[in-house]
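One structure is given below, encoded as structure tokens.
The values are calculated or read from the model by the stated rules, or taken from the named source; none is laboratory data. Quick caveat, the model's predicted, so the values are computed rather than measured. Methodologically, a virtual Cβ is constructed for each residue, glycine included, from the backbone with ideal geometry; neighbour enumeration extends over all protein chains shown.
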Amino acid sequence: MDAITFRFLIGLVVLKTLDMCLIDVVTTYLYGSLDKDIHMKIPEGFKMPEAFYDKSISVYSIKLYKSLYGLKQSGRM
């Protein structure tokens, strides 16, 4: 939202004595909590602890605790 639109909305709220709440939609979308367990393959370049070197990296997965940008479930969280 540009500054002119924001000032117009603030003026409208003051003129009509309305209540106004602001939320950060972008941050909420990027860092929303997940309601289901989601596991993903380990990305390339991820450093595994030495205790897990006995098996191939393709055997392991990681569990997500927060939503990722581009995740199909992000829009619903």
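Listing for the model above:
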item: Subset of the stretch 13-29 (residues that are part of a helix (DSSP H, G or I) and modelled with pLDDT of 90 or more); result: 13, 14, 15, 16
item: Identity of the residue in the stretch 38-76, within 24 Å of the chain's Cα centre (by Cα), hydrophobic (A, V, I, L, M, F, W, C) and surrounded by 11 or more Cβ atoms within 10 Å (Cβ to Cβ), that ends up modelled with the lowest pLDDT; result: 71
